[in-house]
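Report on one structure; see the data block that follows.
The values are calculated or read from the model by the stated rules, or taken from the named source; none is laboratory data. Since the structure is predicted, the reported quantities are computational estimates derived from the model, not experimental observations. For neighbour counting, all protein chains shown are included, and Cβ atoms are generated from backbone atoms with ideal geometry for every residue, glycine included. Side chains included, ligands, DNA and RNA excluded: accessible areas come from the protein's heavy atoms. Shrake-Rupley method; radii C 1.70, N 1.55, O 1.52, S 1.80 Å.
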Amino acid sequence: MQVVKYVFQPHGDDRGQLVALEEMKDIPFRIKRVYYMYDTAAGVTRGYHAHKSLEQILICIHGSCKIRLDNGKEKKVIPLEKPYEGLYVSNAMWREMFDFSPDAVLMVLASELYDEADYIRNYDEFLAYIRENENKENEKE
């Protein structure tokens with residue numbers, strides 16, 4: 001599983017830091033939706049889903065958290081601890097966000113507007129979706 005972690009260019013001086021993000025330049029897709037999570041209770045895990053089409057960049061802009069990614073064959077845990085780092089999460093990737101610090105703010109940049117039909121919320125259905133897509137790819141070859 002390839003994990004892509006972006007390091008964005010911080011700009012700062014004695015006044016503080018600033019990170020600017022531009023779609024199709026710093027972010028590999030057009031940004032259609034932005035949302036963020038905060039005040040996540042201790043011990044809570046969020047996510048538990050995959051998307052059929054949507055791509056995301058996750059940035060923990062304050063505090064820290066961990067992201068568990070699963071492509072149906074391999075799982076990896078990636079810490080997000082710096083406000084100038086972003087984790088690219090492709091479509092067809094199961095994700096779980098956990099181990100939030102009390103001050104964590106996790107911002108998500110998404111390639112699509114909210115569409116419930118794009119979600120896969122059941123892990124067994126996710127695995128079946130992965131197998132189905134692999135079979136289609138194998139038939140093309």
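Could you pull out the residue among A42, A50, A20 that is more than 16 Å from the chain's Cα centre (by Cα) and touching a residue at least 24 places away in the same chain (Cβ under 8 Å)?
On the way: A50 fails: more than 16 Å from the chain's Cα centre (by Cα); A20 fails: touching a residue at least 24 places away in the same chain (Cβ under 8 Å).
Criteria check complete, one pass: A42.
In region 83-97, how many residues are within 16 Å of V4 (Cβ to Cβ) and either part of a strand (DSSP E or B) or out of contact with any Pro (no Cβ under 9 Å at 6 or more places or on another chain) (or both)?
10
Do any residues in region 57-85 that are farther than 14 Å from M97 by Cα have Cβ atoms under 8 Å from those of residues that are among the polar types (S, T, N, Q) and in a strand (DSSP E or B), where the two are at least six apart or on different chains, and which pairs are they?
Taking only residues 6 or more apart or on different chains, the pairs are P83/Q17; Y84/Q17.
Here are G86, G72, G12, G43: which of them is modelled with pLDDT under 95 and not β-branched (V, I, T)?
On the way: G86 fails: modelled with pLDDT under 95; G72 fails: modelled with pLDDT under 95; G43 fails: modelled with pLDDT under 95.
Answer to the selection: G12.
For region 106-115, indicate whether the set of residues that are at pLDDT 95 or above, in contact with a strand residue (DSSP E or B) (Cβ under 7 Å, 6 or more places away or on another chain) and either of a type in the set (V, I, T) or more than 18 Å from I31 (Cα to Cα) (or both) is non-empty.
yes
Are any of the residues in region 92-101 crowded, with 18+ Cβ neighbours inside 10 Å and touching a residue at least 60 places away in the same chain (Cβ under 8 Å)?
Yes, region 92-101 contains at least one residue that is crowded, with 18+ Cβ neighbours inside 10 Å and touching a residue at least 60 places away in the same chain (Cβ under 8 Å).
Being open to solvent by 20 Å² or more (accessible area, probe 1.4 Å) and in contact with a Lys or Arg (Cβ under 7 Å, 6 or more places away or on another chain) is the filter here, so list the residues in region 50-91 that pass it.
Passing the criteria: R68, K75, V77, P79, E85, N91.
Looking at (1) in contact (Cβ under 8 Å) with a residue 40 or more places away in the chain; (2) open to solvent by less than 30 Å² (accessible area, probe 1.4 Å); (3) in a strand (DSSP E or B); (4) closer than 15 Å to L87 by Cα, find the lone condition where F29 falls short.
(3)
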